[in-house]
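Below: one structure, written as structure tokens.
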Amino acid sequence: MVYMDLDELGWKPVFEQWSNAKAAKFGEDYAEKLIEFKDKWLEKVLSIKRTNCNELVKTSETACVRSMTNLFDAMTGKLTKHETEESMDDFMSYIEKYFIFAMIWSVGATVDEFSRREIDNVMRDIDSQFPNQDTVYEYYINPQKKNWDEWSGRMASSLKASNKQFHEIMVDTVDTVRNRTVVQQLLDHNNQVLLVGHSGVGKTVLIEGILKGLDPLFNSFVINFSAGSSSDGLQAIIESQYDRRAKNKFKPKNSKVKAVCFIDDLNMPRVDTYGFQPPLELIRMHLDYAFWYSRTSTQVAKHFICDLQILSSMGKPGGGRS
Ligand SMILES: Nc1ncnc2c1ncn2[C@@H]1O[C@H](COP(=O)(O)OP(=O)(O)O)[C@@H](O)[C@H]1O
Ligand SMILES: [Mg+2]
């Protein structure tokens, strides 16, 4: 077995594998276009991000490119070319918009407010398809027009007096609208989601709102992390939302199709002497292997936790103190 350092390997093999899979599914022409879009957009944006941008939480390029392909797949899953109405070129320029959008909300989404201007500049140099006002972050693809439209147009236009208590009123802003749209898309396509931002910007209310609107076939539950959270505590809470179906197989409680676990304040668990945050290691283990080990069995026993989707939010990394 040969182990490669992820940094040396870089993001290109990930992209290549993805475009090869597209070639097998939609044909060589489609895949070639994706490679063209990569040369045109992705290379340049990644390069400016590497040199000129700051991030709240450092991300790896490979992970960002993987997020981009996930988001692209989530959004274009149902898109097909209308045989008669549309030429191949028109269709591909529509697909290009989704490529750009997926890139903005993965590679471009992790940088801070100031660095977004840099990315905006470089993207406007490449191509002038965005309207002149504001940054490229202010636009989404309107499927009716098949073109860019402002997010602000999707905000509820007035605050209707409702029978809600004052503290329950959620005010739509450009940020809530676009974050909700992207998170919902990812959630619907079984991607794991992490929202990062300073405290008080509305991450918790946003996700709680999304969980309220979740399909009744899904079981959702919330775990609030604190400095004192432990990995066995986390495992116990998640397993309590599960039924044991076979010796080592766990399925969501009440025969639900999927369990959506919202972990709030993911950064909080205290950093231990060795530099680890054990609850996060447990989550990482689940993401990588889909199982963890039994804490009670006297033998080594795996618990496969099936159909678990993790949605989380955090501020600055590093653990809380209390
Ligand atoms: N768009 C919004 N409309 C109404 N209240 C909001 C909005 N965004 C944030 N708040 C309020 O701000 C406070 C902090 O939000 P919260 O979701 O807890 O932030 P975070 O989880 O990012 O630290 C909450 O009391 C919440 O009700
Ligand atoms: Mg919060």
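A short reminder: the numbers here are calculations on the coordinates, not readings from a lab. Computed from a predicted model, the values in this text were never measured in an experiment. Quick reminder, even Gly has a Cβ in these numbers, built from the backbone with ideal geometry, and neighbours come from all protein chains shown.
Here are the numbers for this structure:
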quantity: Trypsin sites (Lys or Arg not before Pro) lying in DSSP loop within segment 104-160, provided at most 16 other Cβ fall within 10 Å; calculated: Lys145, Lys146, Lys160
quantity: Alpha carbon centroid spacing (whole Å) that separates segment 68-134 from segment 215-264; calculated: 35
quantity: Value of [θ]222 nm, deg cm²/dmol, for the chain, DSSP H segments ≥ 4, -39500 (n - 2.57) each, nearest 500; calculated: -13000 deg cm²/dmol
quantity: Out-of-range pairs (alpha-carbon distance over 29 Å; input Lys253/Lys302; Lys12/Lys302; Lys97/Lys203; Lys212/Lys316; Lys203/Lys249; Lys38/Lys146); calculated: Lys12/Lys302; Lys203/Lys249
quantity: DSSP-defined beta bridges in the chain - what % are antiparallel, rounded to 5; calculated: 40
quantity: Neighbour-count order for Phe250, Phe130, fewest beta carbons within 10 angstrom listed first; calculated: Phe130, Phe250
quantity: Relative contact order (percent, whole number), the chain, Cα cutoff 8 Å, 6+ residue spacing; calculated: 15
quantity: Counting DSSP beta bridges with both ends in segment 192-314, the antiparallel % (nearest 5); calculated: 25
quantity: More than 27 angstrom apart: percent of Cα pairs within segment 6-154; calculated: 21
quantity: Listed peptides 241-249, 36-44, 163-171, 177-185 by packing density, highest first (mean Cβ within 10 Å); calculated: 177-185, 36-44, 241-249, 163-171
quantity: Ordering of 288-301, 59-72 by packing [mean C-beta count within 10 Å, highest first]; calculated: 59-72, 288-301
quantity: Per-selection Rg to Rh, the chain - Cα, Kirkwood hydrodynamic radius; calculated: 0.98
